[in-house]
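What follows is a single structure, written as structure tokens, with notes after it.
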Amino acid sequence: TDANGDAYTVQCNYDHGGGDLGNMLVNSFSDCFSACDNEPGCIAFSYLSGSGPGHCYFTTSLNPGQAAQGVDFAMRGYSSASEVSPTASSGPYELLCSTDHAGGDLETNQYSSLATCLSGCTASGSCIGVSYNPSSQLCHLKQSIIGTG
């Protein structure tokens with residue numbers, strides 16, 4: 001959910017080609033959400049960079065997608081049982097692709113999905129975030145956010 005209350009589904013290292021509307025240079029992936037909200041006809045965007053400044057590529061239609069290293073994709077209003085719109089009682093989580101905040105771990109558990117990892121965080125009472133690796137299914141519950149590493 002972005003600052004305007006619009007729900008987005010985020011796909012890390014994934015892209016859906018076509019439906020091009022335009023693009024914009026931004027400072028971060030997070031900046032693309034409000035830029036898409038303000039772009040008439042935008043239903044989704046791809047972000048190319050990884051971290052730091054990069055380009056948002058806005059789209060008007062959702063085409064079949066595929067794995068794309070270094071591209072993060074977000075689509076407004078789409079969801080399925082396998083996708084997650086992370087929220088917590090204190091507000092929405094910020095979802096960052098390919099980012100780990102080393103240290104600050106509360107505990108580590110194995111969960112089958114990001115959704116169950118986030119549920120574990122919410123249930124713990126003292127968790128403020130997670131790092132989740134879908135390959136190993138390891139969920140690191142965080143009590144503090146120290147930086148990236």
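So Ser135 fits all but one of (1) of a type outside the set (A, V, I, L, M); (2) closer than 22 Å to Cys12 by Cα; (3) open to solvent by 60 Å² or more (accessible area, probe 1.4 Å); (4) touching a helix residue (DSSP H, G or I) at 6+ places or on another chain (Cβ under 8 Å); what number is the exception?
Only one criterion in (1) of a type outside the set (A, V, I, L, M); (2) closer than 22 Å to Cys12 by Cα; (3) open to solvent by 60 Å² or more (accessible area, probe 1.4 Å); (4) touching a helix residue (DSSP H, G or I) at 6+ places or on another chain (Cβ under 8 Å) is unmet by Ser135, namely (4).
Only one of these conditions is not met by Ser124: (1) at pLDDT 80 or above; (2) touching a His at 6+ places or on another chain (Cβ under 9 Å); (3) more than 19 Å from Tyr14 (Cβ to Cβ). Which number is it?
(2)
The values are calculated or read from the model by the stated rules, or taken from the named source; none is laboratory data. All of these numbers come straight from a predicted model, not from anything done at the bench. Heads up, the Cβs are rebuilt from the backbone with ideal geometry, glycines too, and the neighbour counts pull from every protein chain shown. Side chains included, ligands, DNA and RNA excluded: accessible areas come from the protein's heavy atoms. Shrake-Rupley method; radii C 1.70, N 1.55, O 1.52, S 1.80 Å.
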